[in-house]
Each structure stands twice: as structure tokens, then as C-alpha cells.
1. So in the chain, what percent of DSSP beta bridges are antiparallel if you round to the nearest 5?
2. Between the DSSP loop rule and a limit of at most 10 other Cβ atoms within 10 Å, which GluC sites (Glu not before Pro) in region 255-353 are left?
3. As a test of understanding, state the convex hull volume per residue of the chain from its alpha carbons, in Å³.
4. By counting other Cβ atoms within 10 Å of each Cβ, how are Ser311, Ser413 ranked from fewest to most?
5. Any idea what log10 I(q)/I(0) is at q = 0.26 Å⁻¹ for region 506-578, Debye with uniform C-alpha scatterers and no solvent?
6. Run the numbers for Arg476 and Glu417: contour at 0.36 nm per residue of separation, minus the present Cα-Cα distance, in nm.
7. Please sort 230-238, 131-139 by packing, taking for each peptide the average over its residues of neighbouring beta carbons within 10 angstrom, highest first.
8. Of Val291, Ile190, Ala466, which is farthest on the positive side of the dipole of the chain, counting Cα position, with +1 on Lys and Arg Cβ, -1 on Asp and Glu Cβ, and the Cα centre as origin?
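Coordinate-derived values only; no laboratory data. Quick caveat: nothing in here was measured; it's all calculated off a predicted structure. A quick note on method: Cβ atoms are made from the backbone with ideal geometry, for glycine too, and the neighbour counts reach across all protein chains shown.
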Amino acid sequence: MLGGDVGLELGLRVANALKAALDVEITPVEALIRPAAPGRGADYQCNVAMSLAKRLGRPPREVAEAIVAHLDAADVVERPEVAGPGFVNFTLRREWLEAQTARLLGDARLGVPTVEPRRFAIDYGSPNVAKEMHVGHLRSSIIGDAVVRLLEFAGHEVIRHNHLGDWGTPFGMLIEHLVDQGSTGAGHSIGDLNGFYQEARKKFDADPEFADRARRRVVALQGGDETTLALWRELVEESERHFAAVYELLGVKLTADDYYGESFYNPFLGEVVEELEAKGLTSISDGAVCVFPPGFTNREGEPLPLIVRKSDGGYGYASTDLATARYWTRDRGATDLLYVVGSPQAQHFKMVFATAEAAGWLDDDHRAVHIGFGSILGEDGKVLRTRAGGSVKLVDLLREAVDRATAVVAERSKLDEARREAVSRAVGIGAVKYADLSGDREKDYVFAWDRMLAMEGNTSVYLQYANARVLSVVARVGREAEPGTPVLLAEAAERALAVKILQLPAAVAAATEEYAPHKLCTYLYETAVAFSTFYENCPVVQAPDDDTRMSRLVLAQLTSRVLALGLSLLGIDAPNQL
Ligand code: ARG
């Protein structure tokens with residue numbers, strides 16, 4: 001089968017039929033094979049006749065009939081049927097399905113192929129020094145981590161980098177505030193980062209003498225003054241400790257080695273601007289060096305600048321991001337740059353990418369994608385805040401998730417204390433992640449504890465329970481089916497579960513290629529539901545005979561492996577018992 005993907009296999013057969021029938025060349029993907037809607041009486045449908053009809057100047061039904069007439073797929077499907085305006089409906093042959101399903105048991109990747117590897121550099125997490133991480137950074141960390149896991153599983157090389165906001169003018173006031181507190185750069189503990197930032201800000205606004213010191217401090221920092229740098233490092237390290245605690249709790253792959261903060265790019269900024277100037281891409285506007293990438297205008301229709309060097313000679317956010325594009329493609333050989341950052345920055349990234357293309361840092365072999373995402377809203381539909389109106393601290397949020405999960409798990413679980421703790425953490429953190437990943441990332445979503453920790457519906461705890469239940473069924477049989485065990489799909493529910501299991505490669509591919517983890521979530525939920533129907537209708541331990549029991553055991557083992565693999569690609573643990 002083509003890469004373990006049933007849809008692609010059918011696509012290949014359709015492509016061959018079209019070539020034979022009408023001398024039309026298409027790829028298997030272009031054959032537009034989709035799982036058929038439930039109740040259609042088919043497993044897959046092919047939609048290509050409609051899209052080809054126009055091009056070929058023939059009625060879509062005629063194109064569909066021609067596909068059917070020339071189709072060489074009797075090993076895979078029953079006789080296909082043309083339906084509606086020109087769909088071709090496919091029903092998989094029982095023997096073929098049985099063989100494909102049985103084959104999966106010996107396949108560690110469950111039919112998911114590896115691809116031609118590329119080198120990805122992915123920017124995610126990316127909080128700011130001396131500020132608490134907020135929910136936007138939570139989304140970036142969760143989505144970015146799922147994308148990393150999906151890409152690595154596909155066989156790509158992935159370099160993670162955490163674009164820490166650790167440079168720029170705010171550091172003048174932050175360092176002076178640190179000095180006022182008696183620090184000399186030899187270690188210090190800031191309990192409350194947000195409080196620290198706000199106090200510094202307040203002094204900066206109220207006290208001209210302080211503001212003056214802060215400004216001089218910025219100059220000293222940029223000039224590389226040692227004492228100033230030591231104080232700056234103290235602030236950065238202190239913040240990194242806070243971030244590491246969140247990453248640890250969250251179980252994301254970001255580590256101390258992945259920090260490539262704004263300061264990292266500082267030494268390159270001069271060259272970046274020079275190169276843009278030399279390539280004739282810049283112009284001076286109000287004393288600042290700007291690039292005006294074509295096609296970007298404000299409401300008045302005036303061209304929008306990307307400011308690459310400010311009139312005071314300083315560099316800003318845009319300069320640094322141009323440096324990232326240049327550094328990762330040119331110095332690190334990355335072929336794909338991913339930026340997991342909230343959608344409000346969409347325009348910034350479009351302008352950066354357009355400029356990087358004009359500069360030659362991005363081209364057909366060096367691509368950049370902004371993986372944007374919406375906001376997390378409170379139950380009042382507004383941006384998530386604490387009751388006091390402040391921004392929600394991530395550590396608090398995650399601790400609450402684990403506490404709530406502990407209550408949920410305690411209600412049902414017969415586990416001992418120690419196991420229960422690990423399970424509560426898997427359930428609580430899983431719930432937060434899954435709530436974030438299971439919807440289209442571009443959309444906002446409402447953060448609601450009850451919904452994300454619900455036992456029923458498309459939640460991680462539902463999937464975790466489903467997996468634990470499958471494993472308990474397997475345990476009750478008392479032995480595991482070995483690869484090679486024949487699969488028998490006599491009952492409709494057995495068949496439906498097998499069809500679902502075989503859709504894993506397509507679901508993983510869609511989630512990976514489109515940076516759309518929610519497509520994998522939907523698939524996992526459907527699989528868990530298919531198992532539940534199967535289990536209601538097809539007893540495993542009490543199966544009528546041993547062959548049936550072993551075949552059902554194969555289906556159960558595969559279901560558990562699909563769920564556990566799927567959850568792991570989302571960064572969510574699947575405990576054996578709950
Ligand atoms: N620190 C920024 C923020 O909190 C996000 C940085 C994203 N990455 C980037 N390369 N611009 O908004």
C-alpha cells in the first residue's frame with residue numbers, strides 16, 4: 001500500500017485509471033479521495049470527477065464512469081459506484097482490510113511513513129525576560145511542541161529556538177531597579193516577575209532622575225559595559241529559571257539549550273542592515289532606515305515601513321526577526337523556518353518574510369511559515385484574566401489544572417497514592433494541552449475547566465480513559481496477540497474500527513503538513529468512539545471462539561497503540577491505568 005495510507009492507495013489507482021481512460025495525468029493526492037460521510041454506505045469517496053469535468057469539457061458523471069470502467073483495484077475495493085453529480089464511492093474489500101489491519105500489528109509506526117527529511121528551525125515559547133509568561137506564551141509552547149513532535153516523527157530534523165525577549169530599552173529601567181534593590185550582579189531572587197516589572201515601570205514614569213539613569217543604562221548595555229552586562233545576565237537567568245519551571249510542569253521539549261534570545265542576534269544586526277542597504281532594499285524615512293515591502297499599506301493606502309534601524313541608531317523587533325531569517329537559513333542551513341506566534345503578529349511576519357525573500361534569505365528551498373493562533377478567552381468571552389483583573393500566571397494555571405485533575409481522578413480511581421499523583425498530572429496537563437490543540441489554532445477558544453476535564457466528548461481525559469479501558473481488556477484476555485495473528489472483520493463494528501485504525505497515516509499527515517494538530521485530535525476522538533461501539537457489540541474476553549477473541553484482541557491492541565501514539569505526538573501522556 002502507498003505509504004500505509006488507504007486514501008493515497010486509492011488515489012494512485014484512480015490516477016492510473018484516468019491515465020488509461022482519458023490520458024489525464026494527476027497525482028494520488030489530486031485524486032481527492034476522502035473518507036465517505038457516515039451513512040453513505042461506503043468507506044471512501046473520490047471527488048476528482050467534478051474538478052476535472054470542466055477542464056476536460058465533459059459531464060462529471062461521464063468522467064466518474066470512465067474512472068470506474070478503467071479502475072484496476074479489485075484487490076482493494078468492491079465494485080465502485082458512481083453517485084450524485086459524479087462521486088465515486090468505494091467500499092473496501094473485507095479480505096484486503098483484514099490483511100492490512102493484521103499487518104499493522106508488526107509495524108512500530110502503525111503505517112505512518114517517514115518522509116524526505118528537511119531541516120526545520122522552529123521558534124516557539126518565546127516569552128519576555130522579567131515578565132511572567134502569559135497565556136499567549138502558553139499557546140505558543142503547546143502548539144509549537146506538538147508541531148516539533150509531529151515533524152520529528154515524520155523524520156525531519158528539528159532545531160528548537162526560544163526567541164526570548166531579552167534585549168532593548170526596557171532593560172535600562174529593569175537594571176536600575178535591580179541596582180536600587182541593592183544588587184551588584186551577584187545573584188538575587190525575584191519572586192514576582194510581573195511585580196518587579198511594574199515597579200520599575202512606575203519609577204520610570206514618575207521619577208525623571210530614575211528615567212535618566214535608565215536611559216544611560218541602555219547605552220551602557222549596548223556598549224557592552226561589564227557591570228551592566230552582569231546585572232542584565234542576572235535578570236535573564238532569573239527569568240529563565242521561572243520559564244524552566246513552567247516548561248517542566250508542562251512537559252514541553254524546550255530546554256536551556258534552546259534559548260536564542262533577541263540578544264543573540266544583536267551582533268548580526270549591523271550586517272543585516274548593511275546587506276539590505278547593499279541590495280538596494282532600504283530607504284530613509286524620518287531618519288530611520290526602512291524597508292517598504294511591496295503590497296503593505298495602512299488604511300490611508302500609504303506604504304508601510306519595516307523599520308530596520310531607528311533614527312537613534314537602535315534596532316527593534318523587526319531588525320531582530322530579519323536577523324533570524326538570515327541566521328537560520330544561511331548560517332544553520334535550515335530549509336524551513338517556523339514561527340509559532342499569536343495571530344496579531346501576522347502582518348509583522350508577512351513583512352519580514354517579504355523582505356527576507358527580497359534579500360535572498362528565503363527562496364523556493366528556504367521557506368518560512370508563521371504558525372499563528374488566536375487568544376484564550378475567559379468564560380465571559382474576554383481575554384483570560386484573573387478575578388482581580390490581572391493577567392493569569394501560567395504556573396498558577398497549570399497547578400490548578402493538576403489539582404482539579406486530582407479531584408477528577410480520585411472520584412474514580414483505585415490507584416495508590418503515588419501512581420495517582422503521576423496520573424493526575426498527566427490528566428491535568430493533558431487537559432490544558434488538548435483544549436488548546438483540539439480546535440483550529442487560528443480561532444480563539446474559551447478556557448473552561450469543566451469542559452476540558454469532561455469525561456465525555458472530545459477531551460484528553462476521555463481519550464486517556466479509553467486507552468486505559470482498552471488496556472484493561474487486553475489484560476483480562478491474559479495474553480497479547482502476536483504479529484501475524486489473523487484479523488476477522490465479520491461484524492460491522494469490527495470493520496468500522498479497522499477502517500478508522502487504517503486512517504491514522506492520513507490524520508498524522510494532515511496534522512503535520514498543515515501544522516494542524518486538531519486534525520489529529522478529531523481523528524483520535526473518532527477512533528475512541530469507534531472502539532466504544534466495537535466494545536459494546538463485540539465482546540473480547542467472552543468472544544464466541546478463540547479465533548474471534550484473538551482477532552478482537554488485535555483490534556484492541558491496535559486501538560491502544562493508535563491512541564497512545566497520537567497523544568504522544570500531541571505531547572500528552574497516556575497512563576496505562578487511571
Ligand atoms: N517575545 C515576543 C512576544 O512575547 C514573541 C517573539 C516571537 N518570535 C519572534 N521571532 N518574533 O510577543
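1. Details: 21 of 39 bridges.
Rounded to the nearest five, the antiparallel share is 55 percent.
2. Working: sites: Glu262, Glu271, Glu274, Glu275, Glu277, Glu300; in loops: Glu300.
Listed in order of number, the matching sites are Glu300.
3. Values: hull volume 112.0 nm³, N = 578.
About 194 Å³ per residue, rounded to a whole number.
4. Working: Ser311 12, Ser413 17.
Starting with the residue having the fewest Cβ neighbours, the order is Ser311, Ser413.
5. -1.15
6. Working: separation 59, 0.36 × 59 = 21.24 nm, distance 2.38 nm.
Contour length minus Cα-Cα distance gives 18.9 nm.
7. Details: 230-238: 18.7, 131-139: 22.3.
Peptide ranking by packing, descending: 131-139, 230-238.
8. Ala466
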